[in-house]
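Since the structure comes first, as structure tokens, the remarks are kept for the end.
Taken together, the values in this text are just the output of simple stated rules run on the coordinates, not laboratory data. Given the structure is predicted, the values throughout are model-derived calculations rather than measurements. Note that each Cβ is placed from the backbone with ideal geometry, even for glycine, and that neighbours are counted across all protein chains shown.
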Amino acid sequence: MRTNPSLSPYFENLHSSPEHIQLALESLFEKYQVQPVGDGYIDLIVDRARALELIAELTDLRVAVERLTWWCNVTPENQSKYGCPHGLGGPLNRSGAGCFSECHDYPDFAIREQPDPVDEHSRSAQAFAAKCNQLAYDYLKDVFQSAGFYSPCLYVGLWLHVPYEWPREDK
């Protein structure tokens, strides 16, 4: 395959075997009960514990997380315990009770907005994915639960850094 000099090493890697990577992603979505919103690879709703495991596997696949957003898991129990919903409407929870509510008012965690931003053009695909995913992992593991907006009802919305032309079937 001929390389495209305008693509970063990271995107060169993704373009080298898109079908393989997309099939692997779909398998991971099933394994970790990820609920994609729409037909793309952003807002992949998953609970925090599964997100931590998923991020490790995404690193092995050389797929980077670019942003974390937040979804409230609205169930009758969470409504009485935590005052849900904490956001706007969203999809039904396919893996459990209730539905999700998108939390627009809570700050996203954007990898590119962190101190010492990660440059995908100056790193290998593996190094870029590993650095991005380590930042996301560390935030979820060490910071998220102490954030002022945190509630136990919150799920993570993982946004993957993949080509926009990679639509997926809403399953």
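Just a few scattered comments:
- Sorted by Cβ density within 10 Å, fewest first, the residues ILE55, ILE111, ILE21: ILE21, ILE111, ILE55
- Förster radius 30 Å - calculated FRET efficiency between ALA97 and SER146 (Cβ-Cβ, nearest 0.05): 0.65
- Computed over the stretch 71-171, the range of Cα coordinates on each principal axis works out to 49, 35, 20 Å, biggest value leading.
- Cα convex hull of the chain - mean projected area over all directions, nm²: 10.0
- Taking label points 7 Å from Cα along the Cα-to-Cβ direction, TYR164 and HIS15 give a separation of 1.5 nm.
- Amide hydrogen neighbours beyond the local backbone of ARG67, cut-off 5 Å, H modeled: ILE111, TRP159
- Shown here for the stretch 84-149: chymotrypsin sites (Phe, Trp or Tyr not before Pro) in loop regions (DSSP other than H, G, I, E, B) with at most 13 other Cβ atoms within 10 Å, namely PHE149.
- Reduced Cα scattering model of the stretch 113-171, Debye log10 I(q)/I(0), q = 0.12, 0.30 Å⁻¹: -0.43, -1.29
- In the stretch 22-160, Cα pairs under 8 Å separated by at least six residues give a relative contact order of 36 percent.
- Stretchable slack from LEU23 to HIS104, in nm (0.36 nm times residue separation minus alpha-carbon distance): 26.1 nm
- For the stretch 92-152, the list of GluC sites (Glu not before Pro) that fall in a loop by DSSP and count at most 13 other C-beta atoms within 10 angstrom is empty.
- Within the shell defined by Cβ-Cβ distances under 9 Å, the residues around ILE42 carry a net charge of -1, with Lys and Arg each +1 and Asp and Glu each -1.
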